[in-house]
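**Student:** This structure is in structure tokens; I'll ask about it shortly.
No value in this document is a laboratory result; all are computed from the given coordinates. These numbers were taken from a predicted model, which means no experiment stands behind them. Counting neighbours? That spans all protein chains shown, and the Cβs are built from the backbone with ideal geometry, glycine included.
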Protein chains: 2
Amino acid sequence: MDIISTAKAHGGVQGVYRHRSRTTDCDMTFAVFVPEHEAGEKLPVLWYLSGLTCTHQNAMDKGEYRRAAAEHGLIVVLPDTSPRGDHVPDEPDNWQFGSGAGFYVDATQEPYAENYRMYSYVTEELPAYLAVNFPADTSRMGLCGHSMGGHGALSIALKNPDLYRSASAFAPIVRPTVAGWSKPALEKYLGRDPRTHRAYDTCLLIEDGKRFAEFYVDQGTADQFLEDGLRPQLLRDACEKAGIPLTLNMREGYDHSYNFISTFMEDHVAYAAARLKA
Amino acid sequence: MDIISTAKAHGGVQGVYRHRSRTTDCDMTFAVFVPEHEAGEKLPVLWYLSGLTCTHQNAMDKGEYRRAAAEHGLIVVLPDTSPRGDHVPDEPDNWQFGSGAGFYVDATQEPYAENYRMYSYVTEELPAYLAVNFPADTSRMGLCGHSMGGHGALSIALKNPDLYRSASAFAPIVRPTVAGWSKPALEKYLGRDPRTHRAYDTCLLIEDGKRFAEFYVDQGTADQFLEDGLRPQLLRDACEKAGIPLTLNMREGYDHSYNFISTFMEDHVAYAAARLKA
């Protein structure tokens, strides 16, 4: 593991690290905040999955999660949003596909299947790596994410209800199989058969019988993507039909940016802490 | 005034604006956070002066001041750190002079005297502009700053004890007339006669009889600039000799970055609020 940087913050350590991933067959960079803790103590882990175009750094700089994570004693992990590297196929001018747009899927189509395996990276390889290299209790993990990362948090939770104890999201993409900014990417990663996309669509996973204990979602009413890419009412309908408790806070006047995320981040950290430390 | 961006954050509005400055003879960009408030209400103002290389954006993204500012009802203003523009003389490869390095002085030397007048810009033109264009009560203002901006906050306070009710700093440059990263800039802006530099040196201003009610300073012990550029003991000695109450918190293990600033930002906002709202 390469240590890119570490700095004391809010009593703990904010670090940036790089390791070679077998899953994505490239070097992956990620950020971890570890609060102050007793020697030998293992802390629960909150995963923060970022949105399109982001790396680990956007939320690290602008997410304002450290104060609450330190208060509640949670490790916060921020993975990258895609594989990266000269040998990784990409469409550099397309912000909705390739670098920065892994969509938390395991690609099956060439030439993407070798590297674009962010689902397995985030749910298997990186948790295992954390358990060895950080004071992380990976039996107590929660998920949070924004936009594409909100899709990641909710869909991963539905498929792995035994691995995660909480799932929350900021402005999640809840129907990526039909939204304009995600459907073309899913077709390239997974092929054009829409049945293969269902495993990565929160609303369709629920329709197909997947369940999670409860969801917590914040959505800004001034979000420029609200009516096209996001449509939280689809999640509300799916949860109501399936009997999944959903807290959906429509936040008056907030947009899609980190100004929105940072305002409500402490609520999400507290929400996760209550479930990870119960 | 051009509105570059506005977004709702922590119940208020985080905006970025640009106006033509007479003082610096160029367009100046600045950020303002205005908390939620009653119609017609005027709020006290906390100035945050940034360090070398920064614009308004660094602290806006990474300073984590909005939550506390909203709680205490303070406007926070983040000016740029220098004039900028194609017609503004600069040394683009020198991070300690010119763009991003205005040092909060009024230059007297050619070719800098036309534009590098950040002292007057920050203490006169921008406060007057705020009073007209924002719900700002500029009879209640406080200063805060980091590194070069900490120098700005403390030295401006000493010269204007009637304009400002509080002054605090993160890792301030307290003796810029002798520190390696500031002395060459002062010589270019003000000339080589060291007597002209004294008006911009916190320790020498105190030696020359200037006073302020009290100072509040945080300094990380792992700051890479501690023993060369910063040397807080010089401020302690000067304040002790002059009878100026100084709170100097040596923060174990913290560096010079925004990880340090964001950790203690809420203390500085609360410190200012207690004095601006007394």
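**Student:** Would you calculate, for chain B, the mean residue ellipticity at 222 nm contributed by helices, counting each DSSP H stretch of 4 or more residues as -39,500 (n - 2.57) and dividing by all residues, to the nearest 500? Before the final figure, lay out the partial values.
**Tutor:** On the way: 8 runs with 77 residues, N = 278.
Mean residue ellipticity, 222 nm, calculated: -8000 deg cm²/dmol.
**Student:** How do B:Glu38, B:Glu187, A:Glu207 line up, fewest other C-beta atoms within 10 Å first? Can you show the working numbers first?
**Tutor:** Details: B:Glu38 8, B:Glu187 17, A:Glu207 13.
Least to most surrounded, the residues fall as B:Glu38, A:Glu207, B:Glu187.
**Student:** When the dipole is taken about the Cα centre of the protein assembly as shown, and only Lys, Arg (+1) and Asp, Glu (-1) are charged at their Cβ, what size is it in debye, to the nearest 20? Show your work: numbers first, answer last.
**Tutor:** Values: 54 positive and 74 negative charges, 177 e Å.
The calculation lands at about 840 debye.
**Student:** Moving to a separate point now. Among B:Lys159/B:Lys241; B:Lys188/B:Lys241; A:Lys210/A:Lys241; A:Lys42/A:Lys277; A:Lys62/A:Lys277; A:Lys8/A:Lys62, which pairs are too far apart, with a Cα-Cα distance over 20 Å?
**Tutor:** Working: B:Lys159/B:Lys241 18 Å; B:Lys188/B:Lys241 31 Å; A:Lys210/A:Lys241 12 Å; A:Lys42/A:Lys277 12 Å; A:Lys62/A:Lys277 26 Å; A:Lys8/A:Lys62 17 Å.
The pairs that break the limit, which is 20 Å between Cα atoms, are B:Lys188/B:Lys241; A:Lys62/A:Lys277.
**Student:** A further question on this structure: Which of B:Ser5, B:Ser257, B:Leu126 sits farthest toward the positive end of the charge dipole of chain B, with +1 on the Cβ of Lys and Arg and -1 on the Cβ of Asp and Glu?
**Tutor:** Final value for the positive-end residue is B:Leu126.
**Student:** How charged is the neighbourhood of A:Cys26? Take every other residue with its Cβ under 14 Å from the Cβ of A:Cys26, and add Lys/Arg as +1 and Asp/Glu as -1.
**Tutor:** Details: positive: A:Arg18, A:Arg20, A:Arg22, A:Arg84, A:Arg117; negative: A:Asp2, A:Asp25, A:Asp27, A:Asp80, A:Asp86, A:Asp90, A:Glu114, A:Glu125.
Neighbourhood net charge equals -3.
**Student:** Continuing with this model, one more query. Dipole magnitude of the range A:2-276 about its Cα centre, charges +1 at Lys/Arg Cβ and -1 at Asp/Glu Cβ only, in debye to the nearest 20?
**Tutor:** Values: 26 positive and 37 negative charges, 97 e Å.
Result for the range A:2-276 is approximately 460 debye, rounded to the nearest 20.
**Student:** By the scheme Lys and Arg +1, Asp and Glu -1, what is the net charge of all other residues having a beta-carbon under 9 Å from that of A:Gly142?
**Tutor:** With Lys, Arg at +1 and Asp, Glu at -1, the net is +3.
**Student:** Now for a separate question. Would you mind ranking A:Ile244, A:Ile156 by Cβ crowding within 10 Å, fewest neighbours first? Could the numbers behind the result be given before it?
**Tutor:** On the way: A:Ile244 17, A:Ile156 24.
Exposure proxy ranking, most exposed first: A:Ile244, A:Ile156.
**Student:** Below 15 angstrom from the Cβ of B:Gly85, what's the summed charge of the other residues (Lys, Arg +1; Asp, Glu -1)? Please list the in-between numbers first.
**Tutor:** Details: positive: B:Arg18, B:Arg20, B:Arg22, B:Arg84, B:Arg117; negative: B:Asp2, B:Asp25, B:Asp27, B:Asp80, B:Asp86, B:Asp90, B:Glu91, B:Glu114.
Net charge in that neighbourhood comes out at -3.
**Student:** Next question, about the same structure. Take A:Asp86, B:Asp267 and order them by how many other Cβ atoms sit within 10 Å, fewest up front.
**Tutor:** On the way: A:Asp86 6, B:Asp267 14.
Taking fewest neighbouring Cβ atoms as first place, the list is A:Asp86, B:Asp267.
**Student:** Still on this structure, please answer the following. So who's got an amide H within less than 5 Å of the one on B:Tyr254, skipping anything under 5 residues away but keeping other chains? H placed 1.01 Å off N, in plane.
**Tutor:** B:Thr221, B:Ala222
**Student:** So, one more: One decimal, nm, shortest first: give the distances between the label point of A:Asp193 and those of the same position in the other copies, each label point 7 Å from Cα along Cα→Cβ.
**Tutor:** Nearest first, the other copies' label points are 8.6 nm away.
**Student:** OK, next. Taking square-rooted eigenvalues a ≥ b ≥ c of the alpha carbon gyration tensor, is the protein assembly as shown rounded, prolate or oblate, where a/c under 1.5 means rounded and, failing that, a/b exceeding b/c means prolate? Walk me through the numbers before you get to the answer.
**Tutor:** On the way: a/c = 2.02, a/b = 1.94, b/c = 1.04.
In terms of gyration-tensor shape, prolate.
**Student:** Let me ask another. Could you let me know the centre-to-centre spacing of the range B:121-192 and the range B:87-115, using Cα atoms, in angstrom?
**Tutor:** Going from one Cα centre to the other spans 16 Å.
**Student:** Okay, next question. Which ³J(HN,Hα) values in Hz, rounded to whole numbers, follow from the phi angles of the range A:12-17 under the Karplus curve 6.51 cos²θ - 1.76 cosθ + 1.60, where θ = phi - 60° and Gly and Pro get x?
**Tutor:** x, 10, 9, x, 10, 9
**Student:** While we're looking at this one, here's another question. Quick one: work out the % antiparallel among DSSP beta bridges in the protein assembly as shown, nearest 5. Provide the component values of the computation, followed by the final result.
**Tutor:** Details: 44 of 90 bridges.
Antiparallel bridges make up about 50 percent of those DSSP assigns within the protein assembly as shown.
**Student:** Given label points at 7 Å from Cα along Cα→Cβ, what nm distances, shortest first, separate B:Gly180 from the same residue in every other copy?
**Tutor:** Output for B:Gly180: 5.6 nm, nearest copy listed first.
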